[in-house]
């Protein structure tokens, strides 16, 4: 009845799938978003890059654009279409990974983003082969997604800890804080602690602590791993106790001293 009345009066009846308008996405915004997503499938790199830059900016500034992706199942695969190609332009790669990071900050997106089959493999590829800022933003995306307990297990089972630990070992300061935060989040899950130990996390963290690199973040991860038997054995073999004693002696931060001292209680 309502739709017929709208038709008789020449008024456009809003379709049910446009519930995203409740989040403030106007008709013009919606048309722009569809146009940009379509351009990502273009055969022209210049058009893809233009669309990716615009989506990165819009999803950073406007919650309504982030909200749309939780309402449309096909939108995330559309966004990531250029990343399935074997050769990826570095700027395009960075813009799309950053857009994915922006989307993951929207609460309703966290589950749908993580469960979209292509997402986690694409993020792990970015950790392995992306530019440093791309790696950092891929790690930040995994960090945000892993705030959901169900996603911690999902990300761990996708073998995410190995590339994260590899980036940590590389020691690039731009990415290390995001990577360390992500590893900590994932290792709250007991199964992921085992994956981390198997992939050399204890060795890498102790090496970085000895080099006095991001000590605050890394010794907290090490403390988290003490609940895992194999991690404790490896710490003993690698001289963790003497390393931590030196840290207590050298640090001026009372909080760090307190946290490290708990190891010996």
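May I ask for the equivalent-ellipsoid semi-axes of the range 161-237, computed as the square root of five times each C-alpha gyration tensor eigenvalue and listed largest first in whole Å?
18, 13, 11
Let me have the 222 nm mean residue ellipticity of the chain computed from DSSP H runs of 4+ only, each contributing -39500 (n - 2.57), with the sum over all residues rounded to the nearest 500.
-21000 deg cm²/dmol
Normalise the Cα radius of gyration of the chain by 2.2 N^0.38 Å (N = residues in it) and let me know the number.
Rg over 2.2 N^0.38 Å, computed on Cα atoms: 1.22.
Any idea what Rg and Dmax come out to for the range 24-145 if you just take the C-alpha atoms, in Å?
13.0, 39
Give me the one-decimal nm value for the distance between modelled label points at residue 34 and residue 211, 7 Å along each residue's Cα-to-Cβ direction.
Once both label points are built, they end up 5.1 nm from each other.
Using a 10 Å cut-off around each Cβ, can you sort 161, 168 from fewest to most neighbouring Cβ atoms?
Going from sparsest to densest Cβ surroundings: 161, 168.
Given the Cα-Cα distance of residue 118 and residue 242 and 0.36 nm per residue of separation, how much length would full extension add, in nm?
40.3 nm
Over the range 107-149, with a single point scatterer placed on each C-alpha, what log10 of the ratio I(q)/I(0) does the Debye formula yield at q = 0.27, 0.32 1/Å?
Taken in order of the listed q values, log10 I(q)/I(0) reads -0.93, -1.11.
Compute the FRET efficiency between residue 250 and residue 190 as 1/(1 + (r/R0)^6), taking r as their Cβ-Cβ distance and R0 = 22 Å, and round to the nearest 0.05.
0.10
Please grab the % of Cα pairs in the range 128-184 that end up more than 16 Å from each other.
Tail of P(r) above 16 Å: 32 percent of Cα pairs.
Fewest Cβ neighbours within 10 Å first, please rank 65, 245, 143, 184 accordingly.
Fewest-to-most ranking of 65, 245, 143, 184: 245, 184, 143, 65.
Grab the Cα-Cα distance for residue 73 and residue 111, subtract it from 0.36 nm times how many residues apart they are, and report the gain in nm with one decimal.
12.5 nm
How far is helix 240-250 tilted off the main Cα axis of the chain, in degrees rounded to 10, range 0 to 90?
So the inclination is approximately 90 degrees.
So how much slack lies between residue 223 and residue 172, counting 0.36 nm per residue of separation and subtracting their Cα-Cα distance, in nm?
Result: 16.1 nm gained on full extension.
Rank the residues 30, 68 as a footprinting-exposure proxy: fewest other Cβ atoms within 10 Å of their Cβ go first.
Ascending number of Cβ neighbours within 10 Å: 30, 68.
Evaluate the Debye formula for the range 85-234 with equal point scatterers sitting on the alpha carbons, no solvent, and hand back log10 of I(q)/I(0) at q = 0.13 Å⁻¹, in q order, two decimals.
-0.53
Provide the FRET efficiency to the nearest 0.05 for the residue 89-residue 158 pair, computing r from the beta carbons and using R0 = 25 Å.
My answer for the efficiency is 0.50.
Taking the chain as a Gaussian network, where each spring joins two C-alpha atoms under 10 Å apart, which residue of 162, 152, 249 fluctuates the most?
249
Under a GNM of the chain (C-alpha, springs under 10 Å), which listed residue has the highest mean-square fluctuation: 212, 108, 131?
Result for the chain, Cα springs under 10 Å: 212 fluctuates most.
Just 33, 145, 127 to compare: in a GNM of the chain, with alpha carbon springs under 10 Å, which one fluctuates most?
Its mean-square fluctuation being the largest, the pick is 33.
Between residue 129 and residue 60, how many nm apart are label points set 7 Å from Cα along the C-beta direction?
It works out to 2.6 nm between the two label points.
Where a number appears in this text, it was derived from the coordinates with a stated rule and is not lab data. Because the structure is predicted, anything quoted here is derived from the model rather than measured. Note: ideal-geometry Cβ built from the backbone for every residue, glycine included; neighbour counts use all protein chains shown.
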